[in-house]
Amino acid sequence: MTSGTAGDTTAKTWLPHVLMGAGILYFLVPLLWVVIAATKSQPDLLDSPALWFADFNLLENIEQLFHEDGGVYGGWLVNTALYSGLSALGATALAAAAGYGLARFTFLGKRFFETALLGMIMVPATALVLPTYLILSELDLVNTMWAVVLPSLLSPFGAYLVRVYVDESVPAELIDAARIDRASELRIFWQIVLPMMRPALVTVFLFTLVATWNNYFLPLVMLSDADLYPLTVGLTTWFNTAQQDAGNRMLFNLVVTGSLLAIVPLVIAFVLLQRFWRSGAAAGALK
Amino acid sequence: MTRSSPITAPAADDLPPSPRPVEHRPRRKPRRVTEHPVAGALFVLPFFLVVVAFLVVPLGYAFWLSLSSKSLALGTRFTGIGNYVRAFTDPVLLDGLLRVVLFGLVQIPVMLGIALAGALTLDAVTTRFALAFRLIAFMPYAVPAVVGALMWGFLYSRTFGPFADLPTLVGGDPIDFFSSSLLLVSLGNIVTWAWTGYNMIILYSALQGVPREMYEAAVIDGATPVQIALRVKVPAIRQAISLAVIFTVIGTMQFFTEPQIMARFAPQVSAGYTPNLYAYNQAFAYSDFNYSAALSFALGFLVFVVAYAFVFVSRRRGARS
Amino acid sequence: MLGTRWMAKLRAGLVATGLLAVAACGGAVDDADGPVRVSVWAWYPEFKAVVDAFNASHDDIQVDWTNVGTGPDQYAKLKTAFTAGKGAPDVAMVEFQQIPTFVILDALVDMGQHGANDDKSLYAEWAWSQATDGDKVYAIPVDGGPMALMYRKDLFDQHGIPVPTTWQEYADAAAKIKAVDPNAYIASFGSDGGWLNGLMWQAGCRPYGYSQAKAKDQVKINLTAPECEKVVNLYGDLVSKGQMAQDKFFTADATAALDSGKYWTWAAAGWTPGYVAGSLKNTAGKWAVAPMPQWTAGADEQGDWGGSTFTVTKQAKNPKAATTVARELFGRSKAAWDIGLNKAFLYPLAKEVAADPAFTGKAYDFFNGQKVNEIFVPVSQKLGEFQYTPFQDFVFKDLNDRTAEAMSGSRRWSTVLGETQKNVIAYAEKQGFKVSR
C-alpha cells in the first residue's frame, strides 16, 4: 500500500478503528437482518425478535420460494442473469469500439459528440423510459427481453471511460507501427488495443452489469409477463401481493428469502472482483 | 435513487473543451490522433446508433409529446410551451423540488463527508480490520435499490424491525420512522447506507493514485496524518470529489425509487413527493403523458444546469488554486 | 405515433434478422381451425383454477391469463398500452372506482352491443349501475365489499363495553377502550381511499357524479356536503384524541396490531373474513361481525369498500368472444364460484351466488362459528347508487395526501375535504370539465 503512516497501528489508531467498527455495524446490520429473517417462517417473522434467530426455516423458505407460482422465481434469477449479462457484454463491446474510435481517430462531428457525452449522462432515466416504450411498442418489441436489453446497451459513461483510458494507456506509436506492418484496422483493434484496455473494460462491464441487475423501472414498464420479469420487478410484485391479499398469500418470508438470494451473487462477485474493480476505477479516475 | 451511470470519477479536466489544469501527476505523453476518418467513424458507429435509437429519438419524441396537452374531456391539442409554464407554476412540482433540494443539502454533505473520511482512513490505516471495513462498506452497492428500500421498510416497521422499539427500553415511545417529521431522515438513511461505501471506494481509489512524493516532505516535517490528509491528500483528489458531488447531485434530483417503494409503508409520501415521482404519477396514474414528459424535461434541464454550473465553478476554482 | 412507413420497414428488417421471432403480443388470434384465444389480465387470488374451469367448459374460446400486477401496477400497464395503441389484453380486471376513468380514456368496449344487457338482473343493483352507463355495459361485476364492523367480541364482553350501533356510541367506545388499555385503540385510520370512500358512502355522502352518455364534460364534485364532512370530522376527532391509531392498512404493522389486541375493531368489508382468517392467527375465534354503526339511531344506511369487474378493452381482437369471457369467467359458474368463495374469499355480486345457503349459512371458525354472511348479504342488497369521477385516482390521491397532512398535524381535520374539493375542482377544470356541485 502507499500509506505514509502505515506501521504505527497501535496506540494512535484506536480512534479510526472505533469509527470503522461503527461503520461496519452500520453497513452490516441490515444485511445481517436479511440473513436472519430469511431463516424464519412467516409467523416467526412477525413475532420473534428481529435480530435473533427463531426456528431455522431457511431450507423450507427456499423450497417454497422455488415452488411458489409454479417456480417462477427460478426464472426470474435466470432472466436477471441473462439480461444483465447480455447488456453488460453488449454495452462493453460498444463502449470499447467507440472509446477507441474517439481517442485515436478524427472524423467529422467527433468533437461535438465528445462534448455531448457528459450531457447524455445527465438525462434522467425515467424521462427516457416512456418514449422508449412507445417506440418499442411500434416495433412489437415490448414485453420481450429485447425491450430490457436493447436500451441497457446505452452507456455513455462507459464510452467516456474507455476513451480516457485509451488516450492514456495505449500508445499511438504502437498503432502507427502496426499500420506500417499493414495490419488492418480491425486487427489492430482486436489484437493490440483490446488486450491493453482490459482493466477499463472490466470496469465498464461490472458497472453495466450492476446497473442492469439493479434496474427496476425499465423492466417494470416494459414487461407484463411474469415469466419475463427480473428479480427486482418480481419481488416487488410479490410484496404487493403480500400486502393486498395477505389472507391468502402472506408472502413476506418469500420476499425476504428471495431478496437474500438476489443479493448473494452480486455480493460474492464484488468481494471477489474488487481488485479488478478498483484498478479500473483508479484508471478512470487518475490516468 | 435511480442512478444508471457509474460514478468512477474520471478527472473532470478530461472534459473535452476545457484547458487542463496543472496537477501533480505522472507526465503525460502528448496526445496523438491519427487521421483515418472512415475507420474511426466506423468504430464509433454502433455506439452512435444505440445513442440515436435509445437516447436521441426517445428524447425528441418526449419533447414533441411535451408540446401538446391532453385533457380528459377535450382531447389532445398543441399548446407549445404551455406545459412548461404550467410546470414551473405548479405548486406540487415546486414543493417537490424544494423537498429534494433540502434533502440534498443535508444528505449529500453527510454522505460524501463520511465517504471522504472513510477513504482517508483507509488510505492511512492498512490493518486487516480496515480491509474488512472496506469490503463491508461496499456491499450495500450490490443491493438493488428496490430491494434495499423494501428491506429498510421492514427494518423501520414496528413489527419486523429492531429499531422502532429501542426507545421503549428506556421508557420512551416507539419511533415512527414513517411519520412526516422523520420520513426524509428515514429516506436519507437508506440512500446513505446504499451509496456511502461506493463513493468511499471511488475516493479511496483516487487517493491510492496520489504519488507519495507529494507528502513525503510533509511527513519529514512532522505533520500529523490528519494535517497531511486535509492539506495534501484532499486537494490532490479534488477532481474526484467534484465528480462524486456532481453525480450525487444528479442522482438526488432524480430521487424516485426509494420514495416510490416507501409509499407502500408510509401514507406521508404524497403523489408529488419528489419531482420524478410526480412525473411518474402524472403518466402512469393520471394518464397525462404529455404533462409528464414536460415535467421530465423540465427536471432534466434543471439537473443539466445545476451540474454544468457546478463543473464550471469547480473548474474556475481549480484554475485559480 | 411515429412515421408508419419507416416503422414498417424497420419492423420488416427486425423480422428478417430474427429479432422479432420471440415477440409476444397479447390479443386474441383467430386460428383458422382452433378455438378463439382471449387474453385476460387479472390479479384475483387462486385465479388459475378459475381459468382452468372456464377452459374446461368451453371448446370455442380459450383464456390466456396473465397477472401483471395488483391494482395500480396493472392500471399503469393498461394506460401505457392504451397510449401506445397496442399491448393491452382483450379482457382486463378493473375495480369499480376506475371504470369511468377507463371509459373516458376510450379504452372499454360497450358490451351491451354483444348482449350483455341480458345480465342486468343477475347482479346487485348498485354494482350493475356502477358498471354501466344507461344501456352501455362497460363492465361485468364480479366481487364487492359490503361493509360491516368487525370487533373483538372477547374484549368488548370482558370490559362490558356495548357493541356500538351508532357512530356516537362508537366514539364513546373509543374513549372507554383507551381508558381500560392505554396501548389499545378502537381501530386504525388506514389511509386507504376506498375505505374512507365506503365510510362516506355509508354516511349518505354522494360526492361525485358523472355520466359520459349524458354529458362527457360535466362532472359533479361535492366533497364538502355535511354528510361527507361528518365522517372526516368524527374520525379526525378520534385520531386527534389519540383514540385511533394511524397505521396504513395492509402493512405488516397494521396486521400485527389487529392480531395483538391493539385494535379492537375494524370497519371492514365482505372480503374481510378471508383476508383476516389467513393472516390473524393469534386472535382467531375472538372476533365477531356486527352491522355498521349508524349516523341516526335505528337507520339502515350502508356502504361498500372495494370490488372489481371484468372489462373488454378496445384493443380486443374479437370483442364478442371477449364479452363472453367477461360474462362467464365468474358469472354464474358454479365451479368458478366454488374457488372464488372458498379459496379466494371473494364476496359475490351475482345475486343467486350470494343468496345460496351454502354462502349465507357458512359458519366461520375465525368468528367463533358466526355466520357472518348473514350480515354482509343484506348490506349488499341495501346499497344504493354511488358514482365516481373519471379521474378517481387523482381524487383518492389528493384526499390521501390531505388526510396524511392532518394526521401529521400540519392541517386541521376540518379543512381536509375543503382543500381536496378545491384541488379536485382545479384539476377537473384544467382537464376541460364543467364542474357542478
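No lab work stands behind these numbers, since they all come straight from the coordinates. Note that the structure is a prediction, hence the values are computed from the model and not measured. All Cβ positions, even for glycine, are placed from backbone atoms using ideal geometry, and neighbour counts span all protein chains on display.
Pull up the DSSP beta bridges for the protein assembly as shown and report the antiparallel fraction as a percent, rounded to 5. Could you put the intermediate results ahead of the total?
Numbers: 32 of 48 bridges.
Percent antiparallel among DSSP bridges in the protein assembly as shown is about 65.
Return a whole-number percent for the relative contact order of chain A, with Cα pairs under 8 Å and 6 or more residues apart as the contact set.
Once divided by the residue count of chain A, the mean separation gives 28 percent.
Go ahead and set up a Gaussian network model of chain B, Cα springs under 10 Å, then flag whichever of B:Val245, B:Val110, B:Val191 fluctuates most.
Fluctuation is largest for B:Val110.
Counting only helical runs of four or more DSSP H residues, what would the 222 nm mean residue ellipticity of the protein assembly as shown come to if each run contributes -39,500 (n - 2.57) and the total is spread over all its residues?
Working: 43 runs with 578 residues, N = 1045.
Helices in the protein assembly as shown give a 222 nm mean residue ellipticity of -17500 deg cm²/dmol.
Determine the alpha carbon to alpha carbon distance for each of C:Lys153/C:Lys241; C:Lys248/C:Lys286; C:Lys77/C:Lys397; C:Lys230/C:Lys397; C:Lys317/C:Lys430; B:Lys70/C:Lys214 and list only those over 26 Å.
Values: C:Lys153/C:Lys241 24 Å; C:Lys248/C:Lys286 23 Å; C:Lys77/C:Lys397 19 Å; C:Lys230/C:Lys397 20 Å; C:Lys317/C:Lys430 34 Å; B:Lys70/C:Lys214 22 Å.
The answer is C:Lys317/C:Lys430.
Across chain A, where is the longest run that never hits chymotrypsin sites (Phe, Trp or Tyr not before Pro) in a DSSP loop with at most 12 other C-beta atoms within 10 Å? Write down the numbers at each step before the final one.
Working: sites that count: A:Trp52, A:Phe56.
Here the longest segment lacking exposed loop sites spans A:57-287.
Quick one: putting +1 on the C-beta of Lys and Arg, -1 on the C-beta of Asp and Glu, what dipole do you get for the protein assembly as shown around its Cα centre, in Debye to the nearest 20? Present the calculation step by step, with values, prior to reporting the outcome.
Numbers: 81 positive and 83 negative charges, 834 e Å.
Using Cβ point charges on Lys, Arg, Asp and Glu, the protein assembly as shown gives about 4000 debye.
In the protein assembly as shown, if the dipole is taken from +1 on Lys/Arg beta carbons and -1 on Asp/Glu beta carbons about the Cα centre, which of C:Gly261, B:Val311, C:Ala124 is farthest to the positive end?
B:Val311
Run through the stretch C:343-421 and list the GluC sites (Glu not before Pro) located in a DSSP loop whose Cβ has at most 16 other Cβ atoms within 10 Å.
Details: sites: C:Glu352, C:Glu374, C:Glu385, C:Glu405, C:Glu419; in loops: C:Glu385.
Hits after loop and neighbour filter: C:Glu385.
Please identify, among B:Pro109, B:Pro167, B:Pro259, the residue showing maximal mean-square fluctuation in a Gaussian network model of chain B using a 10 angstrom Cα cutoff.
Residue with maximal mean-square fluctuation among B:Pro109, B:Pro167, B:Pro259: B:Pro167.
For chain B, with a Gaussian network of springs between Cα atoms less than 10 Å apart, report the residue from B:Ala137, B:Ala263, B:Ala53 with the top mean-square fluctuation.
So, out of B:Ala137, B:Ala263, B:Ala53, the one fluctuating most is B:Ala53.
Can you give me the Cα centroid spacing of the stretch C:331-395 and the stretch B:225-269 in angstrom?
With the stretch C:331-395 and the stretch B:225-269 each reduced to a Cα centre, they are spaced 52 Å.
Please report the relative contact order for chain C, taking Cα pairs under 8 Å with a sequence separation of at least 6, and give it as a percent rounded to a whole number. Could the numbers behind the result be given before it?
Values: 784 pairs, mean separation 111.6, N = 437.
Computed over chain C, the figure is 26 percent.
Please state the charge dipole magnitude for the stretch A:101-251, taken about the Cα centre, from unit charges on C-beta atoms (+1 on K and R, -1 on D and E), reported in debye and rounded to the nearest 20. Could the numbers behind the result be given before it?
On the way: 9 positive and 12 negative charges, 69 e Å.
For this selection, approximately 340 debye.
Check which residues have an amide H placed less than 5 Å from C:Gln62's amide H, if you skip close sequence neighbours.
C:Val36, C:Arg37, C:Val38
To the nearest whole number, what is the average tally of beta carbon atoms from other chains within 10 Å of the beta carbons of peptide C:73-85?
Working: counts 7, 1, 3, 8, 7, 3, 7, 13, 5, 1, 10, 9, 3.
The mean count of partner-chain Cβ atoms within 10 Å per residue comes to 6.
Cβ under 10 Å from C:Asp398's Cβ, C:Asp398 left aside: what net charge do those residues give with Lys, Arg +1 and Asp, Glu -1?
On the way: positive: C:Lys397, C:Arg402, C:Lys422; negative: C:Asp393, C:Asp401, C:Glu419.
Once positives and negatives cancel, what remains is 0.
I need to check one value: relative contact order of chain B, counting alpha carbon pairs closer than 8 Å and at least 6 residues apart, in percent.
Details: 332 pairs, mean separation 96.9, N = 321.
Computed over chain B, the figure is 30 percent.
Restricting things to alpha carbons, find the Rg to Rh ratio for the stretch C:152-256 using the Kirkwood radius for Rh.
Values: Rg = 17.0 Å, Rh = 15.7 Å.
Rounded to two decimals, Rg over Rh is 1.09.
Tell me, what ³J(HN,Hα) does each residue in the stretch C:121-130 have, in order and in whole Hz, if you take phi through Karplus 6.51 cos²θ - 1.76 cosθ + 1.60 with θ = phi - 60° and put x for Gly and Pro?
6, 6, 10, 3, 4, 4, 5, 5, 5, 6
Which percent of Cα pairs goes in each bin when the distances of chain A are cut into 10 angstrom slices starting at zero?
Result returned by the calculation: 6, 20, 25, 23, 17, 8, 2, 0.
Of all trypsin sites (Lys or Arg not before Pro) in the stretch A:172-235, which ones are in loop regions per DSSP and have a Cβ with at most 13 other Cβ atoms within 10 Å?
Details: sites: A:Arg179, A:Arg182, A:Arg187; in loops: A:Arg182.
For trypsin sites (Lys or Arg not before Pro) across the stretch A:172-235 that sit outside H, G, I, E and B with at most 13 neighbouring Cβ atoms in 10 Å, the list reads A:Arg182.
Count neighbours as other Cβ atoms within 10 Å of each site's Cβ, and list the trypsin sites (Lys or Arg not before Pro) in the stretch C:69-159 that are DSSP loop with at most 16 such neighbours.
Details: sites: C:Lys77, C:Lys79, C:Lys86, C:Lys120, C:Lys136, C:Arg152, C:Lys153; in loops: C:Lys86.
Loop-located and lightly packed - C:Lys86.
Taking θ as phi - 60°, what are the ³J(HN,Hα) couplings along the stretch B:202-219 by the Karplus curve (6.51, -1.76, 1.60), each to the nearest whole Hz, with x for Gly and Pro?
4, 5, 5, 4, 5, 4, 4, x, 6, x, 4, 3, 4, 10, 4, 4, 5, 4
Out of the DSSP beta bridges found with both residues in chain C, what percent are antiparallel (nearest 5)?
Working: 28 of 43 bridges.
Counting DSSP beta bridges with both partners in chain C, the antiparallel share is about 65 percent.
Looking at C:Ala284, A:Val221, C:Asn67, which one has the Cα that reaches farthest to the positive end of the dipole of the protein assembly as shown (charges on Cβ: Lys, Arg +1; Asp, Glu -1)?
In the protein assembly as shown, that residue is A:Val221.
What three numbers, in Å, describe the spread of the alpha carbons of the protein assembly as shown along their principal axes, ordered from the longest?
94, 72, 54
Using each residue's phi in the stretch A:52-61, evaluate 6.51 cos²θ - 1.76 cosθ + 1.60 at θ = phi - 60° and report the 3J(HN,Hα) Karplus result to the nearest Hz, with x for Gly and Pro.
3J(HN,Hα) across the stretch A:52-61, in whole Hz: 9, 6, 10, 4, 6, 10, 4, 5, 5, 4.
Note down the net charge around C:Gln243, summing +1 for each Lys or Arg and -1 for each Asp or Glu among other residues with Cβ under 12 Å from its Cβ. Before the final figure, lay out each step's value.
Working: positive: C:Lys176, C:Lys178, C:Lys241; negative: C:Asp172, C:Asp181, C:Asp237.
Here the charged neighbours net out to 0.
Thinking of chain C as a set of Cα atoms, what percent of all their pairs are more than 42 Å apart?
Numbers: 17279 of 95266 pairs.
More than 42 Å apart: 18 percent of the Cα pairs in chain C.
Give, as a single signed number, the net charge of other residues whose beta carbon lies under 15 Å from the beta carbon of C:His114, with Lys and Arg counted +1 and Asp and Glu -1.
On the way: positive: C:Lys120, C:Lys136, C:Lys314, C:Lys317, C:Lys320, C:Arg327; negative: C:Asp60, C:Asp90, C:Asp110, C:Asp118, C:Asp119, C:Asp135, C:Glu328.
Overall, the nearby charge balance is -1.
Work out the length of the dipole vector of chain A about its Cα centre, built from +1 on the beta-carbon of each Lys and Arg and -1 on the beta-carbon of each Asp and Glu, and round it to the nearest 20 debye. Display every interim value, and only then the final one.
Working: 14 positive and 20 negative charges, 259 e Å.
Dipole size: approximately 1240 debye.
Kindly put C:Ser436, A:Ser152, A:Ser41 in sequence by how many other C-beta atoms sit within 10 Å of each C-beta, fewest to most.
On the way: C:Ser436 10, A:Ser152 25, A:Ser41 18.
Ascending number of Cβ neighbours within 10 Å: C:Ser436, A:Ser41, A:Ser152.
Which one of C:Phe249, C:Ala76, C:Leu155 has its Cα pushed farthest toward the positive end of the charge dipole of chain C, where Lys and Arg give +1 and Asp and Glu give -1 at the Cβ?
Value computed over the given set: C:Ala76.
Given the C-alpha atoms of the stretch B:236-314, compute the convex hull and give its volume per residue in Å³. Present the calculation step by step, with values, prior to reporting the outcome.
Values: hull volume 7.0 nm³, N = 79.
Enclosed volume per residue, from the Cα hull, is 89 Å³.
Counting only other chains, and only Cβ atoms inside 10 Å, what mean value do you get across the residues of B:261-267? Spell out each step's value before the answer.
On the way: counts 3, 0, 2, 7, 6, 4, 15.
Taking all residues of B:261-267 together, the mean is 5.
Evaluate peptide A:213-224: per residue, the Cβ atoms of other protein chains within 10 Å of its Cβ; return the mean as an integer.
Working: counts 2, 12, 6, 10, 9, 2, 0, 7, 6, 2, 2, 16.
Counting Cβ atoms of other protein chains within 10 Å of each residue's Cβ and averaging gives 6.
Taking 29 Å as the cut-off for C-alpha to C-alpha distance, list the pairs among A:Lys40/C:Lys178; C:Lys48/C:Lys314; C:Lys220/C:Lys334; C:Lys281/C:Lys371; C:Lys79/C:Lys371 that go past it. Mind dumping the intermediate values first?
Values: A:Lys40/C:Lys178 34 Å; C:Lys48/C:Lys314 24 Å; C:Lys220/C:Lys334 40 Å; C:Lys281/C:Lys371 19 Å; C:Lys79/C:Lys371 41 Å.
Distance filter (> 29 Å) returns A:Lys40/C:Lys178; C:Lys220/C:Lys334; C:Lys79/C:Lys371.
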